[in-house]
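The values are calculated or read from the model by the stated rules, or taken from the named source; none is laboratory data. Quantities reported herein were computed from a predicted structural model and do not represent experimental measurements. Cβ coordinates were reconstructed from backbone atoms using ideal geometry, including for glycine residues, and neighbour counts include every protein chain displayed.
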Amino acid sequence: MKLQNEVCGKSFSFRAGKVLCLILGALAAGAGVYGQDARGRITGRVLDPSGAPIPRATVEATEDSTQVKVTATTNETGSYEILYLAPGTYALSVSAPGFECSKRTGVEVRMTDRLVLDFPLTVGQITESVVVSARVSLVDSASASLGQITDTRRIVDLPLPAGNSQALAQYAPGVVNLAAPNHPSLGTGSVEVLSNIAVNGARSYNVEFTIDGAPSMWGYYAAYSPPTEMVAEVKVQTATYDATVGRAPGGNVNMVLKTGTNQFHAVAQWFHTNQHLWGLSLFSRQWLYDPTTGPLTDEKRAQVNPLTVPNRGSVTLSGPVYLPKLYNGRNRTFWTFAYEGIDRSQVNLGSPITVPAAAQRGGDFSALLRLGAIYQIYDPATTAAAGSGRYSRQPFAGNVIPVGRLDKTAAGLLSYWPLPNLPGLDNGTNNYQTQASNTNQQVSVVSKVDHNFSERHRVFFRYNHGSQLYKILGAPGIIYNILTY
C-alpha cells in the first residue's frame, strides 16, 4: 500500500509501513519529553487592490542558504500560516490566478519568531512579478514574549569568557550574573558556574536551558554547552513567554544549533594565553615591589603570578550530504560537525603555613632568643620544687636542645615535612606556601544531520558528547575528577 501526497504539482510516494514506523519511532523517542519549538513562523493575509481576501493563493518561503522550500495556501479569509521555519533568511513569493506574482527577499526569521507579513497583489498576468528586496528583521507582533536574541554575527563579535556560548545569556536585560566573575577557563565543563544567573528578580538557578527547543538540564544547571561555532542563535526569554517554556519562573535560555548549507564550510581556530600576558592586580603589584616582603626574584614573581596556560581549539565542518554517483543531498540533506577541546595547566598557591626550619629540626632555636626571652626553651627534666607550690626549670644552654634528647619518632616524622620556601616572619611563622599543579581537560563534540523529505516533512538527528578531566598533582597524591555529560 502506498500513500501519495501532491504539493504544487509534485507527487511524493511513501510506503505506509515505513511511514507508520517513523511515526511510532518518533512517538517513542518523545515519550516523557517536554519540548518547545524553537523554530519560527510567518503568518499574514493576501489581499487584492480593494482589500478583499484572495483565497487559494500559494505562498512559498525559500531559505537562502539551503534552498529548502515551504509552502502554504490561503483560506477563504486570505490568511496563510507557514510553520516550523528554521532560523535564517528567506525569500517569499505569492502567486494567484489573475494577479501578478509578488516576491519579497531578505526576510529574517529568528528563533521562536511569530512574524506577520501581508501581501497586497496587483491585478495582472502571473508571469509579471513585483519584487521587494530588503534584508530586514521584522518585529514579532504576534506574541507578547519579552527577551533578547543574539545572532551569529554578535556571537562572533561579542567577547565571551573562554569562548563559552552560555555566557551570552548574561547580556540580556534583566539578567544578573551571580557567579564569580574571574572564574578561570569557563569552558564547556563549567555549566554550573554559568547557570548561576537570576532573571527579573527571581532566585538563582531558576532558569531553564534548552537546545533546539528540547530541555537541556542537569538538576538546577544547564546540562551541556555546545561549541560556540556550532551555535546559530541564543534567545533569552525573560517575561510573558507562552506555556511551552513556562516551567521555570526565572526565564528560558534557548540555543539553536547551526545546520549545514549547500556549500561546504570549514572553520578552525586556536586560542592561547598565559600568566605573562595578564596584568597584575593592584595589591599583587604592591606586594611584589615592596622591599619588606623580600627582594625581587624569579621565585617571588612566580609566587605572585603562578603558572596558568589555557589552550583552546575547535574545528567546525558543514555542508550537504554528497556521495558521488550515489546520492546528492543538495537542497535536501545537510550535515554539521563540531569539535572543541580545552587544556589548561595551572599552579595553585595556598595560604602560608608554618613548618620547622632546618636548624630547628636539629634542636637549634637560638635564633629566636634575639626576639626576646619569651622564646626561651626550658628543660623539662630539670623540674624542681621552688616552694609554695611552685616549680622551676633550667633553660637549655643557648636555646639549643641536645640531639640526644630529641625523640626518635618525632625526628622521623620531620622527614615528611617540607622545608621552608618563604622568608616568613621574624619569629619563623608563615614560612611555607603550598603549591599544587592541576590540569583541566575538556572535550565537546556535536554532530547534526538535517533531512527534508518534502516541503511538509522534515527531520533532524543530533548527537552531542562532553567530558571533563580535572587532575590535581600535589601532596599527598593525585586527585582525579572525571565528568561526562
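Would you say Val70 is modelled with pLDDT of 90 or more and in contact with a Gly (Cβ under 7 Å, 6 or more places away or on another chain)?
Criteria not met by Val70.
Would you call Val156 at pLDDT 75 or above, in a strand (DSSP E or B) and surrounded by fewer than 14 Cβ atoms within 10 Å (Cβ to Cβ)?
No: the conditions fail for Val156.
For Thr259, indicate whether it is among the hydroxyl-bearing types (Ser, Thr, Tyr) and within 25 Å of Leu168 (Cα to Cα).
Yes; evaluated as a whole, the condition is true for this residue.
For every residue, the table says whether it meets (1) charged (D, E, K, R); (2) modelled with pLDDT of 90 or more; (3) surrounded by fewer than 16 Cβ atoms within 10 Å (Cβ to Cβ); (4) assigned by TED's automatic domain parsing to the domain that holds Gly363.
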residue: Phe396; (1), (2), (3), (4): no, yes, no, yes
residue: Val400; (1), (2), (3), (4): no, yes, yes, yes
residue: Leu406; (1), (2), (3), (4): no, yes, yes, yes
residue: Ala411; (1), (2), (3), (4): no, no, yes, yes
residue: Leu422; (1), (2), (3), (4): no, no, no, no
residue: Leu425; (1), (2), (3), (4): no, no, yes, no
residue: Gly428; (1), (2), (3), (4): no, no, no, no
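Take the residues of region 348-374 that are surrounded by 15 or more Cβ atoms within 10 Å (Cβ to Cβ) and of a type in the set (D, E, K, R): which is farthest from Ala411 (Cα to Cα)?
Only one residue fits best here, namely Asp364.
Of the residues in region 55-86, how many are assigned to a loop (DSSP other than H, G, I, E, B) and buried (at least 21 other Cβ atoms within 10 Å of the Cβ)? Working first, answer last.
Taking region 55-86 as the starting set, the residues that turn out to be assigned to a loop (DSSP other than H, G, I, E, B) are 55-57, 64-68, 74-78, 86.
Among the residues that remain, those that are also buried (at least 21 other Cβ atoms within 10 Å of the Cβ) are: 57, 66, 68, 74, 78, 86.
Residues in region 55-86 being assigned to a loop (DSSP other than H, G, I, E, B) and buried (at least 21 other Cβ atoms within 10 Å of the Cβ): 6 in total.
What residue, among those in region 248-280 that are among the small types (Gly, Ala, Ser) and surrounded by fewer than 12 Cβ atoms within 10 Å (Cβ to Cβ), is modelled with the lowest pLDDT?
Checking each candidate, the answer is Gly279.
When only residues in region 87-100 that are within 21 Å of Thr122 (Cβ to Cβ) and in a strand (DSSP E or B) count, which is farthest from the chain's Cα centre (by Cα)?
Among them, the one singled out is Phe99.
Applying the selection to region 303-331, what residues are outside any strand (DSSP E or B), free of Cβ contacts under 8 Å to residues at least 12 places away in the same chain and of a type in the set (A, V, I, L, M)?
Leu326
Name every residue in region 47-67 that is over 14 Å from Gly98 (Cα atoms) and of a type in the set (Ser, Thr, Tyr), in order of residue number.
Ser50, Thr62, Ser65, Thr66
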